[in-house]
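Okay, structure first, notes after.
The values are calculated or read from the model by the stated rules, or taken from the named source; none is laboratory data. Note that the structure is a prediction, hence the values are computed from the model and not measured. Neighbour counts run over all protein chains shown; Cβ positions are idealised from the backbone, glycine included.
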Amino acid sequence: MQAQTSTAAIVVAPLEARSRPARLPIRQAMLEGPILPTMLRFALPTLVVLVAQTLVGVVETFYVSFLGTEALAGVALVFPVLMLMQMMSNGGVGGGVASAIARAIGAGRRADADALLFHAMIIAVACGVIFMGGALVFGPRLYRALGGHGAALDAAVLYSALIFIGAILIWMTNLASAALRGVGNVKAPAWIILAGSAITIPLSPALIFGFGPIPRLEVAGAGVTILLYYLGATIVLFFYLRNGHAGLNLRWAKPEWRLFTNILSVGLLSAFGTLQSNLTVVLVTGAVGVFGIDALAGYGTASRLDYIMIPLMFGLGTALVTIVGTNVGAGQVARARRIAWTGAIFAALVLEAIGLFVAFLPQAWIGIFTNEPAVLATGALYLREVGPFYGFIGLALLIYFASQGAGTILLPILAGTLRLLIAAVLGWVAVTRFNAGLPVLFALVAASSVAFAALSAAALLRPGWGRAGA
């Protein structure tokens with residue numbers, strides 16, 4: 001009987017193992033695992049974090065709205081500058097950090113990976129000082145130039161000062177999170193940021209309106225909330241990176257220019273790409289503004305969908321940075337290229353489905369926000385002309401992120417420049433010099449998406465793609 005039981009166990013065990021296959025270790029999964037499931041596995045925690053951060057921003061804006069129009073306007077004036085810093089630290093320089101560490105891990109250079117983390121913290125301090133100084137010195141003039149005055153300007157200056165005093169903390173949190181993504185550890189930064197978000201949502205109204213012994217700080221409370229959030233995140237990440245279980249170890253390393261170059265050769269170009277992207281939005285918005293407030297409202301409402309898709313692209317893209325970088329570092333450039341194409345085509349299909357839906361039923365999106373006929377007309381025109389080309393944006397953006405991982409970023413950046421020239425510069429000239437209408441402007445925006453994707457795809461097809469980072 002005992003022998004029969006042992007035999008049964010021997011037979012059943014392999015069957016159970018086949019029915020429930022063990023998950024591959026992180027590095028092995030990136031180098032050998034199925035491409036799309038591995039990419040989605042790494043993307044999901046980042047997507048959850050981005051949704052949580054978006055929710056925190058919406059909730060805080062909701063609380064500030066109870067302080068009046070001036071306070072709300074003041075916070076709105078600071079928001080573009082804060083978003084620029086977030087994008088540069090997360091997707092720009094942060095992309096360079098994740099790429100450099102992923103390539104080091106892929107090549108088996110663990111000591112370099114730890115040293116790159118230390119160098120990333122030096123960069124975080126330097127960039128934080130630059131943003132802090134710029135905001136404190138030039139912020140009041142900038143917010144005045146953007147239309148702030150009176151109580152709204154006072155609120156903007158106060159809110160900005162409190163946030164950007166903590167600019168170093170924001171940069172350290174985002175670059176440390178990028179470093180962890182580079183080693184394939186996506187869950188730890190996700191849990192830290194989610195915990196911070198859960199604390200921030202009740203803390204924000206307590207500081208804004210006062211609660212018990214906490215005084216009423218109004219707009220200052222909103223700024224203090226963000227400051228405390230990043231202070232807490234920085235402290236937790238510091239101790240986590242020192243405990244030896246993070247996949248990286250934060251410790252002193254002799255500063256080396258080659259390690260700064262590994263990060264900044266990708267990070268600085270990526271930061272420039274972030275500036276280009278923001279400038280494109282600003283100039284197209286200005287061109288639409290020529291046609292009046294209704295047109296601006298319609299375009300703004302329709303293009304808000306573009307911003308909602310950014311977290312999806314960023315979540316998928318940061319996963320691609322890590323997986324591609326690891327394969328390039330390991331010398332598997334052909335597999336890295338297949339991963340890049342898989343991610344890009346997947347993103348293109350997802351965004352194209354969304355774009356076609358809103359192109360055929362624009363009211364399904366715009367009708368959520370307004371019933372004004374003139375606003376609806378402009379928004380529907382934008383979605384009908386630009387929506388069918390959303391897939392090209394998805395393709396280009398994921399190739400951009402994959403190229404970050406590969407350390408070959410120049411051509412995707414130039415693709416962004418081409419998009420800027422067609423959509424923003426030609427669009428502005430067509431509207432202001434040749435009296436072109438909104439259909440022509442939106443057609444140029446659609447054409448810029450095709451050009452963006454075409455040049456990005458050409459970059460990925462080049463034989464030298466990924467060789468520089470290997």
In the same structural domain as T432 (by TED's automatic domain parsing), buried (at least 20 other Cβ atoms within 10 Å of the Cβ), of a type in the set (S, T, Y) and farther than 30 Å from P373 by Cβ, is that true of T274? yes
In region 440-463, residues that are part of a helix (DSSP H, G or I), farther than 13 Å from A396 by Cα and in contact (Cβ under 8 Å) with a residue 40 or more places away in the chain total 5
Going by the conditions given, is T38 modelled with pLDDT under 85 and out of contact with any Cys (no Cβ under 7 Å at 6 or more places or on another chain)? no
Which of the residues that make up region 131-170 are surrounded by 17 or more Cβ atoms within 10 Å (Cβ to Cβ) and among the small types (G, A, S)? A135, G139, G148, A152, A155, A156, S160, A161, G166, A167
Among the residues of region 418-439, count how many are surrounded by fewer than 21 Cβ atoms within 10 Å (Cβ to Cβ), touching a Phe, Trp or Tyr at 6+ places or on another chain (Cβ under 9 Å) and part of a helix (DSSP H, G or I). 3
Assess whether I409 counts as being at pLDDT 95 or above, in the same structural domain as G355 (by TED's automatic domain parsing) and not charged (D, E, K, R). no
Can you find a residue that is under 19 Å from the mean Cα position of the chain (by Cα), modelled with pLDDT under 90 and acidic (D, E) anywhere in region 301-321? yes
Take region 219-233 and flag every residue that is buried (at least 19 other Cβ atoms within 10 Å of the Cβ) and not aliphatic (A, V, I, L, M). G221, G223, T225, Y229, Y230
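Here's the yes/no breakdown for (1) assigned by TED's automatic domain parsing to the domain that holds V51; (2) modelled with pLDDT under 90; (3) under 20 Å from G91 (Cα atoms); (4) out of contact with any strand residue (DSSP E or B) (no Cβ under 8 Å at 6 or more places or on another chain):
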position: R181; (1), (2), (3), (4): yes, yes, yes, yes
position: K187; (1), (2), (3), (4): yes, yes, yes, yes
position: A195; (1), (2), (3), (4): yes, yes, no, yes
position: L207; (1), (2), (3), (4): yes, no, no, no
position: G212; (1), (2), (3), (4): yes, yes, no, yes
position: L217; (1), (2), (3), (4): yes, no, no, yes
position: V224; (1), (2), (3), (4): yes, no, no, yes
position: Y230; (1), (2), (3), (4): yes, no, yes, yes
position: V236; (1), (2), (3), (4): yes, no, no, yes
Flag for L361 being of a type outside the set (V, I, T) and either touching a helix residue (DSSP H, G or I) at 6+ places or on another chain (Cβ under 8 Å) or not assigned by TED's automatic domain parsing to the domain that holds T318 (or both): no
Looking at region 369-405 only, could you name the residues that are over 17 Å from A295 (Cα atoms) and surrounded by fewer than 17 Cβ atoms within 10 Å (Cβ to Cβ)? none
Answer yes or no: is there a residue in region 288-305 that is surrounded by fewer than 17 Cβ atoms within 10 Å (Cβ to Cβ) and β-branched (V, I, T). yes
Need a quick list: helices (runs of 4 or more DSSP H) entirely within region 37-154 having at least 3 residues that are in contact (Cβ under 8 Å) with a residue 60 or more places away in the chain and farther than 27 Å from L316 by Cα. 69-87, 110-145
When I105 is run through (1) in contact with a Leu (Cβ under 8 Å, 6 or more places away or on another chain); (2) crowded, with 24+ Cβ neighbours inside 10 Å, the failure sits at (1)
Looking at region 209-260, which of the residues that are in contact with a Phe, Trp or Tyr (Cβ under 8 Å, 6 or more places away or on another chain) and in a helix (DSSP H, G or I) is farthest from G68 (Cα to Cα)? G223
